[in-house]
Structure formats: structure tokens, C-alpha cells
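K.L.:
Sharing a structure, written as C-alpha cells. Questions coming.
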Amino acid sequence: MPEHRLLLRTHLGVDFTKLDNYLKHGGFKMWPRALELGPAGVIAQVKASGLRGRGGAGFPTGTKWGFLPKDERPRYLVVNADEGEPGTFKDRYFLEEDPFRQLEGILLSAYATNAHICYIYIRGEYWNSKDVTEDAIAQLYSAGWLGKNIQGSGFDLEVYMHTGAGAYICGEETALIESIEGKPGMPRLKPPFPANWGVFGMPTVVNNTETLAAVPVILEMGGKAWADLGTPNNGGTKLVGVAGHVNKPGLFEVPMGTPIREIIYDLGGGVLGGADILAIIPGGSSCPFLTKDEIDIPFDFDGLKNVGSMLGTACITVIAEGSDLIKVMGRVAKFYQHESCGQCTPCRQGTGWLHAIVEKLDAGAADEQAIDLLIDACNGIDGNTICAHGEAAAWPIRSICEKFRPQLEAEIRARAAA
Amino acid sequence: MREAKMADSSANGLAFSPQTKARIAELLTRYPRKQGALIPVLWLAQEEFGWLKPAVLELVAAELQLSKASVLATAMFYTMLYKRPHGRFHVQICTNVACYLRGSDDLVATAVEVLGINPGETSEDGLFTLQQVQCLCACERAPTLQVNKTDYFDVTPNQFRALLEQLQTDGLRLGPSIGWPGADESTNPPDASTGTEASYA
């Protein structure tokens, strides 16, 4: 099992919330290197690395930076640390245990994109993350690593923490931007894209916490070396989580493309009680579920896409044989109903229908036809909304209905007999 | 005209402390538009007054020179901005998939039994608000829950029962709160309308 320790440094037992410790272990060593490369050189390294956004969408980071228009408007860097995808617990590691990794990535990325203001958007429930990050920002200001003329370089950067207040949808980048502007977190129609019309109508780059934390590593080892760690078009290592019915739930770092089976059995310690796998959610509950026959695929963006699912946040939830899939589906449906922002009818109404139908199934008040009704409702949502929340609600439910129909029918019969 | 009117209503018994005023002034330097500071200022208002009753929203609107409607729209959207008073202890149990698989429903049952209230309710003594919360994103340590600003991971029903009983004892000593942990209780006594929705009409 090729476990890596480029991003995840818990094994060192060092308190990386202290700037001194971070600096002692090579922290901010890439700042002089970035100055040497210049902004275009940094972007070239990130492009060469093939780094794809670690928030879930997997868009190439260097390409995203390249979309910034060449005009005189001030540019903003926005960090998406609104970790909220059910089943996910990876950005929390940086925010609570290695906050300067993200902040060094912010400095390098702001320099590369010529942004002088950065907002870090952390979800409201992350009290500890907010405290640690705010303290880390303060440490950097007093040491001259933020503010005006950073370390005598002539480069200025202000970093502000902006906290959410309990809305999953703000993890969607344009909803997050609305939220920074003080508005309800309702996603915007795109285009215009944030690169051209982002926060306060200015050119904006929105990057995930893990994406930014990878930037110093990429500069240190070189873009090509990072790309070579993973599979073609899926460069680098990735934080992966394993939770649910496993013996050793936890957070690990593996090269992109590591088979899911190895992650579950070698790192996650296998299924509780030696049971068989019923289903897995590959990267947060927005992702279509996989059967136990699909776990030998490479765990990367393209591998998951090829089986009709998504890498998402790469935090796996394992559901063991013997579990009640209708109840699991109920939790998923309830979540997306609760978190729909309400601006698009198919999502606002459709997520409510999904939840209501699953509740009826759970109560034993519906028969097998409800499965087709669910698929029909999912099809009515999919593709008909401003943002991906609609798909996030529809895809996992539809995947359960299509891939696990015999299991659902057995559960329906069992409820009818009870 | 509108701004002057709102300033009048905010003078109606409510004002930010000098410390909060200073923090708002600093927040305003971080955003090119005043509305950017709205959510941070609503957080500060909640810390100071316990919850965002209509008069507090009017005060925020006056402070940031925003329309009352835009302040209300934002406040209503976010679940962590309280539109009604909460108990001294806000107990939030995650019941999403990963925690469900690890037994979170047993924790909900434990809370209902010990506290005598259902999820979504506040106890009559104003000590506890119980809620099911969406994923807290610590799934490798499921089941998880939060009490006010503190996380609890890998919680068993017995541990949870002991925790709730300890909070009940603490609560008897401290009495009901004004809704938000750390709010200034010397100047903002508990609201009589605990557990009821305010009218924002």
C-alpha cells in the first residue's frame, strides 16, 4: 500500500499550529522560489502538475487561474473551506492541524494570480477550525508573512477569515461569493464565471483548501514530479477518508488512482465484523453509490467518472451487508431537501418529493412502484437547475434505485410483512 | 429618509457595546461594500444579544446603512443565525449517513429520554434546545455531536447520558440563558418569549 506523507503530516507528532514549528519543517521555503519563478513560472508549475481542484469538481487549477481577464480590476482569491459534503473530513485536517500549509498555498497562489485580498470561507460549525485559522493568520501578520511588503518582496496580501452560518449550499462557489457579499447563499447563473465576475463583481479565483495546500508541495517537488505520482490526467496524491462500517476509520494520503479496495481493506482495516460490502459512497453523498463489484477501479476523477460516479471529496463511506438501504436513502434525501436554497423549482420541490417518497417507503406505506416514481422525480430534477445541488440530490437516489433494486424490493417486502 | 427612520427604531432601547462597535468598524475595512460585513456583524449581534430578534436586525440595518429587508433576507437564510431564543445548551446530534451507520439514532433516543423534549424543541426551563444537525464532517469519529461550540466525537449512549446529566446539574446552577453561549447576560436578561417564533412582519 503506497501511503504518502506529502500533505498529511500527523505522523511527525509536531504541533503545526505554531508558526515556529511550521518554519522549522520547511515552511514558507517556497516563497523565495516563487519570487525566483515569477507569477508566470508558478502558474506554469501548477499547470505542469495537472493539479485538479480538490473540492470535488476536479477542474484543473492552473487552467482556472488562466481564465482571469487581463484588465486592471483588483483580483480576489477566495478559499472554499466550507467543508460540508456528508461523509467528508479532509479540509478539517489542514484547518485544525496544519493551518500554515493552506496559508502558504494562499500566499503563493495570490502571488501567481496577482490577488491582494483573500477571504477564507470556513463553515460556521467548524469552531475549532475558525479559532486555529484566525490565530494562524494573526501569527503570520506579526511575523511579516502577511500585510504590506511581505518579507521585503514588495508584494502585499491581506487575508481575512469569513465564516459561514450553517448553509451547505455555500460550498457552491457562486453561493459562497454571494455569502461573502452578505446575501443569502443562492448560486448564480453562469456565465459570467467568477474569474471574470466574482466577489463584489471583481475577477475572483475560488480554490478549495486542499488544492491550495498542495501548491507549496508542487513548487518544491516540481510540477512534473507531482503529476507522475498519480495516474495520467489525475496527478499527485490525494487525502482520502474512510468512514462508516470499517474497522479503522480515518484520513490517509495515497497517490491518485489507488484502487478503492486497497483503501478500504488495507488502510480502513476492512469491514466491521468481517461483513461483506453492500454499497459504498465514493466521495460524499452527492456521488452515485457503487456496488461491491465496482471497488477495483482506480480512485481518481476519471476512474469514478467511467463508472458513472464521481471522486467528489474522496472521502469514502462504507455500508455493510445487512444495512437498511431505505433508511440510508432517507438520510440522503432529507439532507438535500433541507439544504436546497429554494430558488429553482425542480430542486426546491423535487428534493421534497424525494424525501416524502422515501419516508413513505420507510414507513411501509409504499410498494415497488415507488422506486420508479423516485427515478422519475430524479429525472425531473437532473439538469434543470441553476447549480449542481439538483444533481447532487438526484444522482445518489437514482443510483440506489437502479443499482440496488433487488435489495430495495426485499426491504419493501420485509416492511410489508412486518 | 429611510435610514433616518431606521436609526430611530434602533435607538429604541438597543445599542451595541463600544467593544462591538469597534469590531464592526474594523470589519468594515475588510470589504469594499458595507454589505460584505453583514454576516460577520450578524454573528457579533448574536453574541451580544443572544438571538436576532426584529429589533436587533433593525439595529444592524441602521449600523450598516442597509435596508431592513436585505438584513432580514440574509438572517433568515442561515440556520446558525437564530431567529428565536435557544436554550443555554444547544445540543446538536448529527444524524446524517456516516453517523447513522454508527448509531446516532441511539443518541437521539437517549437525549429525548433524558431531556424529555423532541428534536427541534426547547425545554420549558430554557436550559436545552435539541436538534438533529447535518453532517459535522468528522465522520471518521462518528457518531458526532456538538453542544454549543464544543465537539464530541465517538460518543456512546452511556457517555452521552452522563454528559447530559452533568449539563442538567450545571444548568440548575446557571439558569436559562439568553440564547447564545457567551452573550452578555449582565445587560441582556433572558427573554421571556423563550421557544416562540418572533414576528418579523
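The values are calculated or read from the model by the stated rules, or taken from the named source; none is laboratory data. From a predicted model like this one, the values you see are computed outputs, not experimental measurements. Quick reminder, even Gly has a Cβ in these numbers, built from the backbone with ideal geometry, and neighbours come from all protein chains shown. Just so you know, the surface numbers come from the protein's heavy atoms only, side chains and all, with ligands and any DNA or RNA stripped out. Shrake-Rupley method; radii C 1.70, N 1.55, O 1.52, S 1.80 Å.
K.L.:
Going through region A:8-33 one residue at a time, which ones are of a type outside the set (Lys, Arg) and touching a helix residue (DSSP H, G or I) at 6+ places or on another chain (Cβ under 6 Å)?
P.N.:
If the condition is that a residue be of a type outside the set (Lys, Arg) and touching a helix residue (DSSP H, G or I) at 6+ places or on another chain (Cβ under 6 Å), then A:14, A:15, A:16, A:17, A:19, A:22, A:27, A:28, A:30 are the ones that fit.
K.L.:
Could you give me the residue pairs with C-beta distances under 7 Å whose first residue belongs to region A:150-165 and is within 22 Å of residue B:44 (Cα to Cα), whose second residue is buried (at least 18 other Cβ atoms within 10 Å of the Cβ) and of a type in the set (Gly, Ala, Ser) wherever it lies, and which are 6+ apart or on separate chains?
P.N.:
A:163/A:124; A:164/A:124; A:164/A:179; A:165/A:124
K.L.:
Among what's in region B:144-156 and is under 13 Å from residue B:93 (Cβ atoms) and surrounded by 15 or more Cβ atoms within 10 Å (Cβ to Cβ), pick the residue that is farthest from the other protein chains (Cβ to nearest Cβ).
P.N.:
Result: B:155.
K.L.:
Look through A:281, A:260, A:277 and report the one residue that is open to solvent by less than 10 Å² (accessible area, probe 1.4 Å) and touching a Gly at 6+ places or on another chain (Cβ under 8 Å).
P.N.:
Sole residue among the options that is open to solvent by less than 10 Å² (accessible area, probe 1.4 Å) and touching a Gly at 6+ places or on another chain (Cβ under 8 Å): A:281.
K.L.:
Something else now. How many residues, within region A:70-97, are under 21 Å from residue B:99 (Cα atoms), touching a Ser or Thr at 6+ places or on another chain (Cβ under 7 Å) and of a type in the set (Gly, Ala, Ser)?
P.N.:
Number satisfying all stated conditions: 1.
K.L.:
May I ask you to say which residue of B:109, B:73, B:98, B:55 is surrounded by fewer than 21 Cβ atoms within 10 Å (Cβ to Cβ) and within 12 Å of another protein chain (Cβ to nearest Cβ)?
P.N.:
Exactly one of B:109, B:73, B:98, B:55 is surrounded by fewer than 21 Cβ atoms within 10 Å (Cβ to Cβ) and within 12 Å of another protein chain (Cβ to nearest Cβ), namely B:73.
K.L.:
Do we have any residue at all in region A:173-187 that's touching a Lys or Arg at 6+ places or on another chain (Cβ under 6 Å), away from chain B (no Cβ under 14 Å) and closer than 24 Å to residue B:39 by Cα?
P.N.:
yes
Here's the yes/no breakdown for (1) among the acidic types (Asp, Glu); (2) under 24 Å from residue B:153 (Cβ atoms):
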position	(1), (2)
A:238	no, yes
A:254	no, yes
A:268	no, yes
A:273	no, yes
A:276	yes, no
A:295	no, no
A:308	no, no
A:311	no, no
A:315	no, yes
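K.L.:
Please work out if residue A:126 is among the aromatic types (Phe, Trp, Tyr), open to solvent by less than 10 Å² (accessible area, probe 1.4 Å) and under 14 Å from residue A:83 (Cβ atoms).
P.N.:
yes
K.L.:
In this structure, does residue B:135 turn out to be open to solvent by less than 10 Å² (accessible area, probe 1.4 Å), in a loop (DSSP other than H, G, I, E, B) and not charged (D, E, K, R)?
P.N.:
Against the criterion (open to solvent by less than 10 Å² (accessible area, probe 1.4 Å), in a loop (DSSP other than H, G, I, E, B) and not charged (D, E, K, R)), residue B:135 qualifies.
K.L.:
How do the strands (runs of 3 or more DSSP E) wholly within region A:245-336 filter down when requiring 3 or more residues that are closer than 17 Å to residue A:231 by Cα: which remain?
P.N.:
Counting at least 3 such residues, we get A:250-255.
K.L.:
Let me ask something else. If I filter region A:337-379 down to residues being part of a helix (DSSP H, G or I) and facing chain B (nearest Cβ under 10 Å), which single residue comes out as most open to solvent (accessible area, probe 1.4 Å)?
P.N.:
Per the stated criteria, the residue is A:338.
K.L.:
Return the residues of region A:147-168 that are crowded, with 22+ Cβ neighbours inside 10 Å and facing chain B (nearest Cβ under 9 Å); say none if nothing qualifies.
P.N.:
A:162, A:163, A:164, A:165, A:167, A:168
K.L.:
Is it the case that some residue within region A:204-214 is of a type outside the set (A, V, I, L, M) and over 24 Å from residue A:304 (Cβ atoms)?
P.N.:
The answer is yes; a qualifying residue exists.
K.L.:
When both residues are 6+ apart or on different chains and their Cβ atoms are under 8 Å apart, which pairs have a first residue that lies in region B:15-42 and is on the phi < 0 side of the Ramachandran plot and within 13 Å of another protein chain (Cβ to nearest Cβ), and a second that is at pLDDT below 95 and open to solvent by 20 Å² or more (accessible area, probe 1.4 Å)?
P.N.:
The qualifying pairs do not exist here.
K.L.:
Another question, if that's okay. Look at region A:380-418 and say how many of its residues are in a loop (DSSP other than H, G, I, E, B) and either within 25 Å of residue A:170 (Cβ to Cβ) or open to solvent by 20 Å² or more (accessible area, probe 1.4 Å) (or both).
P.N.:
Within region A:380-418, residues that are in a loop (DSSP other than H, G, I, E, B) and either within 25 Å of residue A:170 (Cβ to Cβ) or open to solvent by 20 Å² or more (accessible area, probe 1.4 Å) (or both) number 8.
K.L.:
Can you tell me which condition residue A:83 does not meet? The list is (1) modelled with pLDDT under 95; (2) closer than 19 Å to residue A:252 by Cβ, and all the others hold.
P.N.:
For residue A:83, the exception is condition (1).
K.L.:
OK, next. Taking residue A:71, is it under 26 Å from residue B:36 (Cα atoms) and at pLDDT 95 or above?
P.N.:
no
K.L.:
Hey, among the residues in region A:228-244 that are in contact with a strand residue (DSSP E or B) (Cβ under 9 Å, 6 or more places away or on another chain) and assigned to a loop (DSSP other than H, G, I, E, B), which one's surrounded by the fewest Cβ atoms within 10 Å (Cβ to Cβ)?
P.N.:
Of everything passing the filter in region A:228-244, A:233 is surrounded by the fewest Cβ atoms within 10 Å (Cβ to Cβ).
K.L.:
Taking region B:114-142 as the region of interest, how many residues are within 11 Å of another protein chain (Cβ to nearest Cβ), more than 18 Å from the chain's Cα centre (by Cα) and not small (Gly, Ala, Ser)?
P.N.:
The total comes to 4.
K.L.:
Which of the residues belonging to region A:19-54 are aliphatic (A, V, I, L, M), open to solvent by 30 Å² or more (accessible area, probe 1.4 Å) and within 26 Å of the chain's Cα centre (by Cα)?
P.N.:
Once the filter is applied, which keeps residues that are aliphatic (A, V, I, L, M), open to solvent by 30 Å² or more (accessible area, probe 1.4 Å) and within 26 Å of the chain's Cα centre (by Cα), region A:19-54 yields A:43, A:44, A:48.
K.L.:
I would also like to ask the following. Do we have any residue at all in region A:255-267 that's in contact (Cβ under 8 Å) with a residue 12 or more places away in the chain, closer than 22 Å to residue B:133 by Cβ and within 17 Å of the chain's Cα centre (by Cα)?
P.N.:
Looking through region A:255-267, none of the residues is in contact (Cβ under 8 Å) with a residue 12 or more places away in the chain, closer than 22 Å to residue B:133 by Cβ and within 17 Å of the chain's Cα centre (by Cα).
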